[in-house]
Amino acid sequence: MSDLTGRTALVTGASRGIGQAIAARLAAKGAMVIVHFGTDEDGATATVGQIERNGGTALAVGAELGVDDDVATLFAGVEAGLAGRPLDILVNNAAAAPAGPLGVTTRAEFDHLFAVNVRAPYFIIQRALPLLRDGGRIVTISSVATRMANPAQTSFAMTKGAVETMSMTLANELGARGITVNAVAPGATRTATNGSVFEAPGLTEFIAGTTALNRLGGPDDIADVVAFLASDAARWVTGQVIDASGGLFLGPRA
């Protein structure tokens, strides 16, 4: 029997990439997965179809994050999908991409980053708590950008630092209910939608050469870590940031 059989999960930003892989992995382990999408309804439908073809159960719920009433819209669909059942697992994966270095980031881009990457997961958790069972799981996707000085991602890294702090403090608050709260920090992760980025001459080789495990990551690498944190095996892990980068930029390699 899969270790998440009978449980329910909400994965935001699950229409493609890492979110899609997380949704598929949780479903493969037996969870009923609510696949959230912002604008890519076709991608969410494809995620649900993939899960169902593999014998799992899923449904898609649309809500653009970072706008007024985003959480209310999301949870109208979530509650309809749960049909009175509790929520067991919440994965905050949806995020806006880096806006650029300090010299070019506009105030609108900065505000959008924080609205999607920080405000949305904070208030999604707030809204989810009455639905989340004692002993539930909250996982938020961060980034190794929080421990690397990349001038092109300053504002993005700031948002991810915020959710790491949020995860630590909420772990302390929610521990009395047996709810674990953790963050997962991917490194360079190649997906079907960002693959063209890694086609720049020499980029893949450079990143692999600065990664302890000597390759780019893939969505399944991240999904496996999230699935572990969602399982009973991770019952004693909370308030942590799990680096899932393959050892990106750990130091000089001989």
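Test of understanding: in a Gaussian network model of the chain with alpha carbons linked when under 10 Å, which of Gly135, Gly175, Gly202 would top the mean-square fluctuation ranking?
Among Gly135, Gly175, Gly202, the largest GNM mean-square fluctuation belongs to Gly202.
With runs of 4+ DSSP H residues as the only contributors, calculate the mean residue ellipticity of the chain at 222 nm using -39,500 (n - 2.57) per run, divided by the residue total and rounded to the nearest 500.
Working: 8 runs with 95 residues, N = 254.
Theoretical 222 nm ellipticity from helices: -11500 deg cm²/dmol.
Taking the Cα atoms only, what angle lies between the long axis of helix 154-174 and the longest principal axis of the chain, rounded to 10 degrees?
Computed tilt is about 40 degrees.
Sort 182-189, 137-144 by packing, meaning the average of other beta carbons within 10 Å per residue, with the highest value first.
Order by mean packing, descending: 137-144, 182-189.
Take peptides 112-118, 69-75, 149-155 and line them up by average Cβ neighbours within 10 Å, highest first, as a rough protection proxy. All intermediate terms of the calculation are to be shown ahead of the outcome.
Values: 112-118: 20.3, 69-75: 17.9, 149-155: 15.1.
So the order, starting with the most tightly packed, is 112-118, 69-75, 149-155.
With a 10 Å radius around each residue's Cβ, average the other Cβ atoms per peptide and rank 226-237, 49-60, highest first.
In decreasing order of mean packing, 226-237, 49-60 become 226-237, 49-60.
In degrees from 0 to 90, rounded to the nearest 10, what is the angle of the helix 41-53 Cα long axis to the longest principal axis of the chain?
70 degrees
For Cα pairs less than 8 Å apart in space and 6+ apart in sequence, what is the mean separation divided by the residue count of the chain, i.e. the relative contact order in percent?
Result for the chain is 19 percent.
Plugging the Kirkwood radius over Cα pairs into Stokes-Einstein for region 137-179, at a temperature of 4 °C and a viscosity of 1.567 mPa s, what D comes out in µm²/s?
115 µm²/s
Please state, as a whole number in µm²/s, the translational diffusion coefficient that the Stokes-Einstein equation yields for region 28-123 at 25 °C and 0.890 mPa s, with Rh defined as the Kirkwood radius across alpha carbon pairs.
166 µm²/s
Please report, in debye to the nearest 20, how large the charge dipole of the chain is about its Cα centre when each Lys and Arg carries +1 at its beta carbon and each Asp and Glu carries -1 there. Show your work: numbers first, answer last.
Details: 18 positive and 23 negative charges, 115 e Å.
Around 560 debye, computed over the chain.
By how many degrees, 0 to 90 and rounded to 10, does the Cα axis of helix 70-82 deviate from the longest principal axis of the chain?
Taking Cα atoms only, the helix is inclined about 50 degrees.
What shape does region 135-212 take by its C-alpha gyration tensor, where a ≥ b ≥ c are the square roots of the eigenvalues and a/c under 1.5 counts as rounded, a/b above b/c as prolate, and the rest as oblate?
It comes out prolate by the Cα gyration axes.
Bear in mind that the values in this text are calculations on the coordinates, not laboratory data. Keep in mind that what you see is a predicted model, and the values were worked out from it rather than measured. So basically every Cβ, Gly included, is an ideal-geometry build from the backbone, and we count neighbours across all protein chains shown.
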